[in-house]
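Computed from the coordinates by the stated procedures, all read-outs in this text should not be read as laboratory data. Quick caveat, the model's predicted, so the values are computed rather than measured. In this analysis, Cβ positions are derived from the backbone assuming ideal geometry, glycine residues included, and neighbour counts consider all displayed protein chains.
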Amino acid sequence: MRTEDAAALVPAAFTEFVGRWSVEDGNVGGPSGAQWAADLPRLLARVLDDWELTPTGPGRTGYSALVLPVERADGPAALKLAWPHLEARDEPLALRHWGGTAAVHLIAADPSRSVLLLEALDSSRDLTTVDIDTACAVIGGLLAQLHVDAPPGLRSVPEYVERVLTRMDALAGALPRRMTDRATGLLRDLTASDAKPRLLHTDLHFENVLASRPGTDRPPWLAIDPHAMSGHPGFEVQPLLRNRRDELGTGSAMRRGARRRLAICCEAAGIDEDEALGWTYLHTMMEAIWGAEGGDQGEVSFNVALLKALDD
């Protein structure tokens with residue numbers, strides 16, 4: 001394929017969005033978002049030729065990846081090209097480890113180019129299309145299968161959380177002191193356990209679960225786009241609370257809704273609810289820290305309200 005033809009498959013809005021990311025944002029020593037986006041048409045054209053793939057429709061984009069429906073010799077697939085960054089680094093490792101159980105099947109990978117070839121799923125159906133209780137139960141059921149022994153080399157959740165929480169002191173006044181103090185105590189208590197770390201998805205929200213294609217023998221729902229880490233399964237629940245947030249309400253309604261989502265997911269996943277509550281508090285504090293550092297008062301306000309809802 002010619003580079004100019006491949007360029008027509010890359011949405012301009014995606015190129016502009018990815019262009020905001022710096023080399024430091026990627027944290028893997030790769031190109032900036034702007035450099036990668038400028039080279040994306042050439043990379044896409046080369047990969048399509050190297051793997052003998054034919055585009056069959058418009059691509060879908062997330063924060064940092066383009067996913068293009070393609071046809072190969074033995075049927076449809078999905079080609080994913082991601083800007084090289086830390087969260088995407090271990091996706092092929094996790095997908096290989098799961099081997100298609102509860103997650104999209106990995107057909108081929110070229111980590112040096114941050115390119116994956118995945119089984120084709122029904123991109124028109126994710127868990128935003130079903131009621132919230134069912135969606136939380138589906139995710140819990142997937143997590144029960146995904147939480148296998150962690151392979152070596154993954155980032156550690158406890159170490160990751162600790163690094164982020166050390167930045168709380170620099171945000172004095174932006175976050176309630178009683179909440180930052182509680183987070184410090186929870187981190188100490190929760191990381192005292194010697195439980196064997198599990199392979200975690202860490203971003204299994206409602207849009208990261210897609211339906212399988214009709215007529216296949218695959219399970220009805222499959223996880224996609226893992227930000228793989230190793231740690232305690234309780235860290236997984238928080239994405240269910242920060243997504244579909246308009247359905248949570250405020251005040252006492254938010255408390256009931258957040259606790260219900262957590263309880264449904266934990267029951268289906270076999271996660272201890274009290275431990276999940278603690279890890280979810282820490283995960284939410286991390287979201288509040290990132291919001292404060294970015295000057296996003298809306299994110300800070302939402303996450304402080306969610307911390308109140310999670311408080312005993």
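Values computed for the structure shown
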{"quantity": "Radius 15 Å from Cβ of Val70, net charge of other residues (Lys, Arg +1; Asp, Glu -1)", "calculated": "-3"}
{"quantity": "Packing rank of 209-216, 140-147, where each peptide gets the mean count of other beta carbons within 10 Å, highest leading", "calculated": "140-147, 209-216"}
{"quantity": "Expected 222 nm ellipticity per residue - DSSP helices of 4 or more, -39500 (n - 2.57), all of the chain, to 500", "calculated": "-13500 deg cm²/dmol"}
{"quantity": "Range of Cα positions in the chain per principal axis (Å), largest first", "calculated": "58, 42, 38"}
{"quantity": "Euclidean distance of C-alpha centroids, region 155-171 and region 52-126, integer Å", "calculated": "30 Å"}
{"quantity": "Three-way shape label, region 116-159, alpha-carbon gyration tensor, a/c 1.5", "calculated": "oblate"}
{"quantity": "From phi via Karplus (6.51, -1.76, 1.60), per-residue ³J(HN,Hα) for region 79-96 in Hz, x at Gly/Pro", "calculated": "9, 10, 10, 10, 4, x, 8, 4, 5, 8, 4, 9, 4, x, 4, 5, 5, 5"}
{"quantity": "Alpha-carbon centroid distance for the pair region 242-292 / region 197-229, whole angstrom", "calculated": "19 Å"}
{"quantity": "Area projected by the alpha carbon convex hull of region 43-152, averaged over all directions, nm²", "calculated": "7.8 nm²"}
{"quantity": "Region 208-283: GluC sites (Glu not before Pro) in DSSP loop, at most 15 other beta carbons within 10 Å", "calculated": "none"}
{"quantity": "Relative contact order of the chain, pairs being alpha-carbon contacts under 8 Å that are 6 or more residues apart, as %", "calculated": "15 percent"}
{"quantity": "Given charges at beta-carbon only (K, R positive; D, E negative), |dipole| of the chain in Debye", "calculated": "320 debye"}
